[in-house]
Amino acid sequence: MEKELLASLEKLAAEIRLDSIEAIRKVGSGHIGGSLSIADLLAVLYGKQMKVDPKNPQWEDRDRLVLSKGHAGPALYAALANVGFFDREMLGTLNEGGTKLPSHPDRTKTPGVDATTGSLGQGTSVAAGIATGLKMQQKDNVVYLIVGDGELNEGQCWEAFQYIAHFKLNNCIVIIDENKKQLDGTTEEILNPFDIEAKMKAFGFNTRKVKGDDLAKIDQAIDECKAVKDEAVCIVLDTIKGQGVKYFEEMEANHSVKFNNDEVQQATDQALADLKKIIEERS
């Protein structure tokens, strides 16, 4: 990846983190951990890989994104705002009454949102359906499905994966955010997922695993998936809950964070200052 492009993606990832944190803090609490762990992925998707038109969100030839782990909606909204789907000022209305930015994505409310999600597992079936429809129409649009590792507790995910693999829907790139934590603790202690990469391979997916904060490797993995012709494809992202902000990475209960004490507020102020510095350096 060219140095200039990498810098622009790093800037976008920092903007997504900054805007996600600010929006959630304004509400008072929210899903920080899972939003930050996909910021780098969203930067690569909206900064390079996805075929979209922010001025025409319903463009028929666009690629689609299904954020099955809908609680990470703040990160998706931040990405959409920063590439021009709507004004960034709207991010300050997250989860308010009458907002166009509910806590979980709603395709009837937010420009650029392709699927209403948040009831975990269901987005996998939605993405499979969209990919099937595009195949039937002989279109080459790509569907990007982002699933959480805790979400894999839902049996519906595995039914959808079996369907995607059986019908070789290579136009649906399954991306699993393996940040190793969920609502009540680690994925290993709640319901051990074992080796997710091996499981996806066993289900019939052409699978690769990459570090979730390596923008160039994420980009390369997506290119490799697009080159696969007769198999379902999957990327397992090795991430950290709260990725990119040390304080939130190290917080034990970082699935949903409450901004209710001085320690959290001060640490957040420092994190925002650090992110602003990254943005300035790469501008």
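The amide H of Met50, built 1.01 Å from its N in the peptide plane, has no neighbour under 5 Å, considering only residues 5 or more places off or on other chains.
Using C-alpha pairs below 8 Å separated by at least 6 residues, the relative contact order for the stretch 3-79 is 43 percent. Relative to the longest principal axis of the Cα atoms of the chain, the long axis of helix 3-27 makes an angle of roughly 60 degrees. Measure off, as a whole percent, the carbon and sulfur share of the 1.4 Å-probe accessible area of the chain, all protein chains present. Carbon and sulfur atoms account for 47 percent of the accessible area of the chain.
Taking every DSSP beta bridge that has both ends in the stretch 146-244, the antiparallel portion is near 10%. Here's the picture: charge each Lys and Arg Cβ at +1 and each Asp and Glu Cβ at -1 in the stretch 1-52, and of Tyr46, Gly28, Leu9 the one pushed furthest to the positive end of that dipole is Gly28. Remark on Gly148: its backbone amide H falls under 5 Å from those of Lys69, Asp177, a criterion applied only to residues 5 or more positions apart or on other chains, H modelled at 1.01 Å from N. Averaging the sequence gap over all C-alpha pairs within less than 8 Å and six or more residues apart, then dividing by the number of residues, gives the stretch 62-220 a relative contact order of 21 percent. Close amide H pairs (under 5 Å, H built 1.01 Å from N) link Lys209 with Val236, residues at least 5 positions away or on another chain.
Look at the alpha carbon pairs under 8 Å that are at least 6 residues apart: their mean separation over the length of the stretch 123-166 gives a relative contact order of 51 percent.
Measuring only protein heavy atoms, the 1.4 Å probe finds Lys211 accessible over about 110 Å².
Take the chain with all the other protein chains still there, run a 1.4 Å probe, and you get 45 Å² of accessible area per residue. Per residue of the chain, the DSSP helices (runs of n ≥ 4 H) give a summed -39500 (n - 2.57) that works out to -13000 deg cm²/dmol at 222 nm. The listed residues Glu197, Glu96, once ranked by accessible area (1.4 Å probe) with the largest placed first, stand as Glu96, Glu197. Evaluated with a Cβ-only charge set (Lys, Arg +1; Asp, Glu -1), the chain carries a dipole of roughly 680 debye about its Cα centre, given to the nearest 20.
Among the listed values [x] 56, 49, 34; [y] 53, 45, 41; [z] 112, 49, 35, the one computed from these coordinates for Cα extents along the principal axes in Å is [y].
The order of Lys11, Lys258 by accessible area, most exposed first and with a 1.4 Å probe, is Lys258, Lys11. Is the stretch 113-183 best put as rounded, prolate or oblate by its Cα gyration tensor, with a ≥ b ≥ c the root eigenvalues, rounded for a/c under 1.5, and otherwise prolate when a/b is larger than b/c, oblate when not? Verdict is prolate for the stretch 113-183.
When the surface is traced with a 1.4 Å probe over the full set of protein chains, Arg107 keeps roughly 140 Å² accessible.
Ligands, DNA and RNA excluded, the heavy atoms of Met50 present near 20 Å² of accessible surface to a 1.4 Å solvent probe.
Under 17 Å of direct C-alpha separation, and excluding same-chain neighbours fewer than eight residues apart, Lys26 reaches these lysines: Lys100, Lys258. Counting only alpha carbon atoms, the long axis of helix 155-166 and the longest principal axis of the chain meet at about 40°. Across the stretch 101-109, rounded Karplus estimates of 3J(HN,Hα) from the backbone phi angles (6.51 cos²θ - 1.76 cosθ + 1.60, θ = phi - 60°) give 10, x, 4, 10, x, 9, 5, 8, 10 Hz, Gly and Pro being marked x. Using θ = phi - 60° in the Karplus curve 6.51 cos²θ - 1.76 cosθ + 1.60, the 3J(HN,Hα) couplings for the stretch 134-139 round to 5, 5, 5, 8, 6, 9 Hz; x is entered for Gly and Pro.
Counting only residues at least eight positions apart within a chain, or on another chain, the aspartates and glutamates with an alpha carbon under 17 Å from that of Lys69 are Asp40, Asp106, Asp114, Asp149, Glu151, Glu154, Glu159, Asp177, Glu178, Asp184, Asp238. Computed from point charges on the beta carbon alone (+1 for Lys and Arg, -1 for Asp and Glu), the dipole magnitude for the stretch 102-245 about its Cα centre is near 420 Debye. For the stretch 260-275, 3J(HN,Hα) computed residue by residue from phi via the Karplus equation (6.51, -1.76, 1.60; θ = phi - 60°) reads 10, 8, 5, 4, 5, 5, 5, 5, 5, 4, 5, 4, 5, 5, 5, 5 Hz, glycine and proline entered as x.
The values are calculated or read from the model by the stated rules, or taken from the named source; none is laboratory data. Quick caveat, the model's predicted, so the values are computed rather than measured. All Cβ positions, even for glycine, are placed from backbone atoms using ideal geometry, and neighbour counts span all protein chains on display. All accessible areas refer to the heavy atoms of the entire protein, side chains included, with ligands and DNA or RNA removed. Shrake-Rupley method; radii C 1.70, N 1.55, O 1.52, S 1.80 Å.
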